[in-house]
Protein chains: 2
Amino acid sequence: MKGNTVFFTNTPAVISSAAVGGKMEGDGPMCQCFDKINEDPFFSCETFEQGESKLLKEAVLHALSKASLNPEGIDVMLGGDLLNQCVGTTYGIRELDIPFLGIYGACSTVTEGLMLASLFVDGGYADRALAVTSSHFCAAERQYRFPLNYGGQRTPTSQYTATAAGALVVSAERLPPYVRAATVGKVVDMGVKDAANMGAAMAPAAYTSIRQLLQDTGLTPEFFDAIVTGDLGKVGSRLLCELFERDGVDIRSLHRDCGTMLYSFEEQDVHAGASGAGCAASMLCGYFVPKLRSGEFKNILFAATGALLSPTVNAQGESIPAISHAVWLSFESGSAMDIKFKKM
Amino acid sequence: MKGNTVFFTNTPAVISSAAVGGKMEGDGPMCQCFDKINEDPFFSCETFEQGESKLLKEAVLHALSKASLNPEGIDVMLGGDLLNQCVGTTYGIRELDIPFLGIYGACSTVTEGLMLASLFVDGGYADRALAVTSSHFCAAERQYRFPLNYGGQRTPTSQYTATAAGALVVSAERLPPYVRAATVGKVVDMGVKDAANMGAAMAPAAYTSIRQLLQDTGLTPEFFDAIVTGDLGKVGSRLLCELFERDGVDIRSLHRDCGTMLYSFEEQDVHAGASGAGCAASMLCGYFVPKLRSGEFKNILFAATGALLSPTVNAQGESIPAISHAVWLSFESGSAMDIKFKKM
């Protein structure tokens, strides 16, 4: 590590990625990014939680299929989700018989998983590693806010949890995009207590990790085709740009936020945008990775963002800590640009 | 990896470990293993959840102090706990300003954290990594079963969640014990649905991972001074030995279970024993690591075990998947015994 950033000298490759979504995602502007859309929020199961498990499993199976792999071809899987005890993941993958490490980074999970998968491959510990995460609107509403039947009103700053999952396969093979570096985030808590304004809680964490990655790599914002955040939504995105503005840096033309990409603000009732671990995951797997593979994007900085609250401690009056793990993904492998340091 | 096992060719060292406990733990036979005992279940805070955060933070600070380190001396921290959204950890560490990766393995968290910390150090990505986890009886009862005020009766197979935390610092320095190898567990679900009998749910996972580590390393059970499981308790421990017996292997004289060590069955009302992520963590940090450092133990196989249920899906009629990550800890570093393979 240099600073808080791991440099992958063997530049592991994302050889496959898949995104699966629900009806809202299929009705939105990014519908073409999904390998499969499920109209039924139960996914033909009896409960929303079982549905989320099936959604996550479908993303894993699509990612494996696109790389012509069986589950046995994966040495280690890293995954987690927003449900209590990450049951979306553990129940989703329990029949796959793949060595598994559970991770929890709320909506930042996809970059945490990608980083750890890259670590396994870069260090020669695994030939192929898989990262996966998901979220489900109905299961999340019930757990974090109110059961849908209650018909609760959502505030203008609230975001709509995506019913989506994304899975990536990382390998030492040579196929763009490559994972060049990853910045491990720190827990950042600026005192925001409004659980219906998570964009505001997460923006400082995204700012901290993006700035750290730029500092540790010595790269400028302009080096990247896009600086992408997970799910800050409208409110958090504005705050992020304002935080950079205080440093005299204007990232507005480069900044993309998965939370403002997934749905149509005009045609879908999503208030400040999308959220949920599946939001950043599906946009990374279904939109950004394909554009990096084709060379349309040469380099992106992808910083998924997570609000680490629980309803229990929030009800106890606590503020909302947040975290963001940032990854540099590139069309070119490491050999094209020397990395002069591996360790601090 | 060979099989499902990572071999650490640079054999990272556990240079520091600390355990912090509550009143029950201080009243038990392992009281001497704790760096600090807190009589107050609130830890001078207002809620049990805040108390757990303080407990976890104290374990981190003790582990740092014993290695004469400041938080800046840690490149990456890996941690998680049993509370929804792992808030025991995220709120506990939010002021420490250490790069953080959240993990979730229920009561197997300590070996997952130790494994990933070792990966960061072995691969040269970090100079020092810290792993931490905790559990809190009062917070866990309220979340998983009933609030204490309800006065619910506990069944004979139930286990008592430890109010305890353990933290380890892993480094490339030369100081025993060393982490020689780690087996990534698979999710194992044999259909047990009784959330008050988690030992039975977890025993097959422990069996699977211990057998896998023995197979992948080529070591026999007798090579180890102890084969330790996390918190199978009385019921799960008996099942584990029976599972090995079916293979013609008698591990009874070698087997230790943290869940049967932490409390006195005669003097403390703990039914089938102890459980909770802090159980295995505190026994590893406060009992086994010191005995490996002194050379009293030369090699142990430590397999923490986690039940990956949530109360929600359990109430929906689901069975309980479990996982166990196993680690080989040794008084001797890798140079004393050649590891002939790193990858499959």
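Laboratory data are not the source of any read-out in this text; all were calculated from the coordinates shown. Small disclaimer: the values here were computed from a predicted structure and weren't measured. Counting neighbours? That spans all protein chains shown, and the Cβs are built from the backbone with ideal geometry, glycine included.
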Discussion item. Given points 7 Å out from each Cα along the Cα-Cβ axis, report the A:Glu222 to B:Leu148 separation in nanometres with one decimal.
Written reply: 6.1 nm
Worksheet entry | Tensor-based shape of region A:5-171 (alpha-carbon gyration tensor, a/c under 1.5 rounded, otherwise prolate or oblate) | prolate
Worksheet item: Taking a spot 7 Å from the Cα of B:Thr155 along the direction of its beta carbon, which residues of region B:245-279 have an amide N less than 20 Å from it?
Response: B:259-260, B:269-276
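Can you give the % of DSSP beta bridges in region A:5-171 that are antiparallel, to the nearest 5?
Around 60 percent of the beta bridges assigned by DSSP in region A:5-171 are antiparallel ones.
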Response to the item:
Shielding of A:178-188 by other chains, given as the mean Cβ count within 10 Å, works out to 4
Worksheet entry | Ordering of A:230-237, A:269-276 by packing [mean C-beta count within 10 Å, highest first] | A:230-237, A:269-276
Item to complete: Return the sequence-ordered ³J(HN,Hα) values of region B:204-216 in whole Hz as given by the Karplus equation 6.51 cos²θ - 1.76 cosθ + 1.60 applied to θ = phi - 60°, using x for Gly and Pro.
Response: x, 5, 4, 4, 4, 6, 5, 4, 5, 5, 4, 5, 5
Worksheet item: Where a ≥ b ≥ c are the square roots of the eigenvalues of the C-alpha gyration tensor, would you call chain B rounded, which needs a/c under 1.5, or, failing that, prolate if a/b is larger than b/c, or oblate?
Response: oblate
Discussion item. Within a 10 angstrom radius of the beta carbon, how do A:Glu296, A:Glu332, B:Glu318 rank from fewest other beta carbons to most?
Written reply: A:Glu296, A:Glu332, B:Glu318
Discussion item. Of all beta bridges DSSP finds with both residues in chain B, what is the antiparallel percent, to the nearest 5?
Written reply: 65 percent
Worksheet, complete the sentence: For the table A:Lys2/A:Lys291; A:Lys193/B:Lys23; A:Lys54/B:Lys2; B:Lys36/B:Lys291; A:Lys193/B:Lys193; B:Lys193/B:Lys291, the rows whose alpha-carbon distance is greater than 26 Å are A:Lys2/A:Lys291; A:Lys193/B:Lys23; A:Lys54/B:Lys2; A:Lys193/B:Lys193; B:Lys193/B:Lys291
Item to complete: May I ask for the equivalent-ellipsoid semi-axes of the protein assembly as shown, computed as the square root of five times each C-alpha gyration tensor eigenvalue and listed largest first in whole Å?
Response: 36, 28, 24
Worksheet item: When the helix-only estimate is applied to chain A (DSSP H runs of n ≥ 4, each -39,500 (n - 2.57), divided by the residue count), what is the mean residue ellipticity at 222 nm, nearest 500 deg cm²/dmol?
Response: -9000 deg cm²/dmol
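Classify region A:171-297: rounded, prolate or oblate, from the alpha-carbon gyration tensor (a ≥ b ≥ c, eigenvalue square roots; a/c under 1.5 rounded; otherwise prolate if a/b is larger than b/c)?
oblate
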Worksheet item: For the pair A:Asp250 and B:Lys193, what calculated FRET efficiency results from E = 1/(1 + (r/R0)^6), where r is the Cβ-Cβ distance and R0 = 45 Å, to the nearest 0.05?
Response: 0.20
Discussion item. So the label point sits 7 Å from Cα along the Cα-to-Cβ vector; using that for B:Gly218, what distances do you get to the other copies, in nanometres, sorted shortest first?
Written reply: 4.4
Worksheet item: Shielding of A:113-125 by partners, i.e. mean partner chain Cβ atoms within 10 Å per residue?
Response: 4
Fill in: Antiparallel content of DSSP bridges confined to the protein assembly as shown, in %, to 5
65 percent
Worksheet item: Based on the Cβ-Cβ distance of B:Thr9 and B:Glu72, what FRET efficiency does E = 1/(1 + (r/R0)^6) give at R0 = 25 Å, to the nearest 0.05?
Response: 0.35
Worksheet item: Got a sec? How would B:Tyr207, A:Tyr150, A:Tyr104 order by Cβ neighbour count within 10 Å, fewest to most?
Response: A:Tyr150, B:Tyr207, A:Tyr104
Response to the item:
Amide H proximity to A:Ile103 below 5 Å, modelled H, separation 5+ or other chain, gives A:Gly79, A:Gly80, B:Tyr104
Worksheet item: Tell me, what is the percent relative contact order of chain B, built from C-alpha pairs under 8 Å that lie six or more residues apart?
Response: 26 percent
Item to complete: Show me A:281-287, B:143-149, A:4-10 ranked by packing, highest mean number of other Cβ atoms within 10 Å first.
Response: A:281-287, A:4-10, B:143-149
Worksheet item: What distance in nm separates the simple spin-label points at A:Ala172 and B:Ser65, each placed 7 Å from Cα in the Cβ direction?
Response: 4.4 nm
Item to complete: For each of B:Lys298, B:Lys186, count neighbouring Cβ atoms within 10 Å of the residue's Cβ, then give the residues from fewest to most.
Response: B:Lys298, B:Lys186
